[in-house]
1. Grab the Cα-Cα distance for residue B:214 and residue B:42, subtract it from 0.36 nm times how many residues apart they are, and report the gain in nm with one decimal.
2. Is the C-alpha gyration tensor of the range A:122-172 telling us rounded, prolate or oblate? Criteria: a/c under 1.5 is rounded; beyond that, a/b larger than b/c is prolate, otherwise oblate.
3. For B:121, B:194, B:97, which order do you get if you count the other beta carbons within 10 Å of each Cβ and list the fewest first?
4. If neighbour count is taken as other Cβ atoms inside 10 Å, put A:146, B:213 in order from fewest to most.
5. When the chain is fully extended, how far beyond the present Cα-Cα distance does residue A:155 get from residue A:119, taking 0.36 nm per residue of separation?
6. By counting other Cβ atoms within 10 Å of each Cβ, how are A:107, B:167 ranked from fewest to most?
7. Measuring from centroid to centroid over Cα atoms, what is the spacing of the range A:119-162 and the range B:37-61 in Å?
């Protein structure tokens with residue numbers, strides 16, 4: 001115990017810290033709620049994220065500017081049919097002849113290490129492959145080899161590093 | 001020859017006499033084989049290899065400490081519960097980015113500290129905007145741990161600290177992490193952290209001295 005070992009600590013602080021170290025009530029269903037959330041399919045999670053209520057603070061000047069911008073958009077943008085603007089099937093391949101598993105992690109599957117496994121290719125020995133429907137736009141992703149090695153796609157452009165400094169690749173899917 | 005007193009007591013307790021041939025004594029019961037503890041690193045590896053259920057053990061193993069930090073940091077049970085749940089879920093989704101799975105707890109603390117910072121900012125903004133809309137007559141549910149005046153004074157004093165000092169103080173003296181660990185979690189330098197803890201202690205002593213003397 002740091003508190004017991006350090007004679008320099010004032011009695012007030014020592015007593016206070018001991019009080020704060022008392023256990024707190026933990027929500028009894030915390031683990032169940034966490035596991036329910038992590039098992040939720042990526043699409044359902046994305047839908048929940050979209051409809052999640054948010055509070056947006058806008059100053060009066062900001063509100064005026066936003067109204068002007070929306071007005072300009074309504075004026076400039078003509079609704080037009082966009083045939084074929086839906087998801088495209090994108091093939092990802094990675095050469096790892098000694099790996100026992102390769103999975104694809106990216107924004108599109110919420111970086112879930114278990115959501116998108118690659119399968120060994122029948123045509124090319126040592127190559128792993130998977131096909132994923134991706135909407136037009138920019139996607140950041142990486143491969144996870146043997147569940148622990150985070151590897152950017154050598155066949156794709158390098159993207160910005162992630163929240164923890166890990167290297168990612170970036171792929172832009174064009175709309176047709 | 002008379003056996004020494006303690007051995008004589010043992011022989012008597014075992015129902016033997018001093019003349020018993022030691023070789024006639026029953027063989028000692030072998031100790032059960034020791035089972036190596038399942039470490040955080042093992043559980044992380046199991047989750048990453050597809051055994052999602054192993055994450056439940058990581059949650060159950062660390063939920064108490066994380067809940068305590070979040071409650072002390074945010075001062076609101078509901079906010080703390082939400083922050084801890086978010087941290088565990090984000091931890092799961094980023095698990096492959098945990099560079100040292102044996103130090104999963106410190107890595108998760110890093111996520112929780114960030115969640116608490118975000119929630120504290122949002123709560124502050126809400127308080128500034130909506131303070132007048134809360135009915136003053138709304139009954140306050142007493143916090144189950146705020147049973148004593150001393151305890152209430154502690155909560156009040158903690159809330160008076162700047163958030164970076166409160167964060168450093170809680171991680172150091174309540175969660176008992178090393179300065180090196182706290183530096184990895186918060187991103188602050190060792191010297192900055194020591195200064196924050198020192199200032200926090202000075203301020204807390206000032207705020208709590210009277211309440212401490214009159215306990």
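Only the coordinates and a few stated rules stand behind these numbers; no lab work does. None of the values given here were measured: they were computed from a predicted structure. Virtual Cβ from ideal backbone geometry, glycine too; neighbours counted across all protein chains shown.
1. Extra length from residue B:214 to residue B:42 when fully extended: 57.0 nm.
2. Oblate, since a/c reaches 1.5 and b/c is not below a/b.
3. B:121, B:194, B:97
4. With the sparsest Cβ surroundings first, the list reads B:213, A:146.
5. Using 0.36 nm per residue and subtracting the Cα-Cα distance, I get 11.2 nm.
6. Ascending Cβ contact count within 10 Å gives the list A:107, B:167.
7. 25
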